[in-house]
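A.B. asks: Quick one: this structure, given as structure tokens, is what I'll be asking you about.
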Amino acid sequence: MKFGISIFATDYAMHPSQLAREVEARGFESIWFPEHTHIPVRRISPPPGGGELPKHYWHTYDLFVALTAAAMATTRLLVASGICLVVEHDPITTAKQVASLDALSGGRFIFGIGGGWNSEEMANHGTFFKKRWRIMRERVLAMKEIWAKDEAEFHGEYVDFDSILSYPKPVQKPHPPIFMGGFGPRTFERVVEYCDGWAPIAIPPADMGRLVMELRDAAGHAGRDPDEITVTYMSLPGTTPEDIDTLTEAGVERIVFSTPVGGADVVLPALDSYAELAGI
């Protein structure tokens with residue numbers, strides 16, 4: 001089992017480079033940063049966990065800048081978007097950011113993506129909430145063309161460009177692994193079409209064995225090798241050793257622990273606790 005850390009990289013908490021060094025020093029395999037470009041003041045979309053939205057949602061650094069800082073401060077640690085809101089980004093620009101980060105880090109980037117929940121935030125980027133999955137699909141497929149080809153072009157309903165030149169290309173071939181976050185009725189269909197893995201959150205560990213088997217079945221029916229698709233479990237606070245055993249038996253490859261946002265006095269004890277739990 002591999003173990004990672006997820007934390008909102010914000011302007012009032014530990015610096016991303018310092019945080020990454022501490023995560024690497026404790027033997028964790030990866031660090032995952034979520035993103036929100038902004039939070040609209042007038043919002044009706046409920047947050048995923050209910051209640052009041054914590055302030056770290058609107059204090060995050062730019063995702064790719066923070067991940068680059070983390071990558072430059074470490075030598076082995078994988079750096080991951082957890083998740084990137086693809087529907088809020090231009091695909092040509094995002095393809096460049098992903099390729100640049102993967103190149104500068106020496107092939108240490110994991111591209112976690114998701115559809116998001118904040119409809120008002122997406123609207124400010126010109127994305128209609130109900131079309132977000134179709135838009136994300138085309139943007140990912142377009143980025144794959146850019147990463148794989150010297151001269152790339154894409155013609156879809158939401159993404160349309162003639163032949164372009166765009167470098168650098170990612171170090172990882174054909175591109176960094178793409179993980180789909182979340183879980184819904186069509187998640188597995190999307191994972192097997194254009195992703196390399198699944199990264200669910202807030203699913204009971206006892207359910208993961210059944211869900212991993214369903215994902216593998218979906219991959220086989222789509223003509224993909226089920227072993228090519230891996231599962232990263234984004235855990236919530238309260239994970240137990242028994243949960244880790246259950247997730248291991250379910251076929252989960254990686255567990256990512258959610259870490260509180262704050263200074264070193266808050267974050268470092270949490271990292272120590274998770275390292276002890278993971279046995280690393």
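Please treat every number below as a calculation from the coordinates, not as lab data. In this text, all values refer to a predicted model and were calculated from it rather than measured experimentally. Methodologically, a virtual Cβ is constructed for each residue, glycine included, from the backbone with ideal geometry; neighbour enumeration extends over all protein chains shown.
A.B. asks: In the chain, with Lys and Arg counted as +1 and Asp and Glu as -1 at Cβ, which of these residues, ILE83, VAL267, SER30, has the Cα nearest the positive end of the dipole, that is, farthest along it?
C.D. replies: ILE83
A.B. asks: Any idea how far apart TYR167 and ASP225 come out in nm if each label point goes 7 Å out from Cα toward Cβ?
C.D. replies: Label at TYR167, label at ASP225, 3.1 nm between them.
A.B. asks: If you don't mind, another one. Loop-only check: which GluC sites (Glu not before Pro) in region 1-66 are DSSP coil with at most 11 other Cβ within 10 angstrom?
C.D. replies: GLU52
A.B. asks: What is the magnitude of the charge dipole of the chain about its Cα centre, with +1 placed on the Cβ of each Lys and Arg, -1 on the Cβ of each Asp and Glu, and no other charges, expressed in debye to the nearest 20?
C.D. replies: 380 debye
A.B. asks: Mind checking region 1-87 for chymotrypsin sites (Phe, Trp or Tyr not before Pro) that DSSP puts in a loop (not H, G, I, E or B) and that have at most 11 other Cβ atoms within 10 Å?
C.D. replies: Filter output for region 1-87: TYR12.
A.B. asks: Okay, moving on. Report the normalised scattering of region 2-278 as log10 I(q)/I(0) at q = 0.11, 0.12 Å⁻¹, calculated by the Debye formula with identical scatterers on the alpha carbons.
C.D. replies: For region 2-278, the Cα-only Debye profile gives -0.62, -0.74.
A.B. asks: Subtracting the Cα-Cα distance from 0.36 nm times the residue separation, let me have the gained length for LEU141 to LEU268 in nm, one decimal.
C.D. replies: 41.8 nm
A.B. asks: Past 20 Å, Cα to Cα: identify those pairs from LYS96/LYS131; LYS96/LYS173; LYS149/LYS169; LYS149/LYS173, in the order given.
C.D. replies: Table pairs above 20 Å Cα-Cα are LYS96/LYS131.
A.B. asks: I would also like to ask the following. In terms of the ratio Rg/(2.2 N^0.38 Å) built on C-alpha atoms, what value belongs to region 79-119?
C.D. replies: Taking the Cα Rg and dividing by 2.2 N^0.38 Å, one obtains 1.20.
A.B. asks: Starting from the 7 Å offset along Cα-to-Cβ, what nm value, one decimal, do you get for the label separation of ARG186 and ALA25?
C.D. replies: Here the modelled spin labels are 4.7 nm apart.
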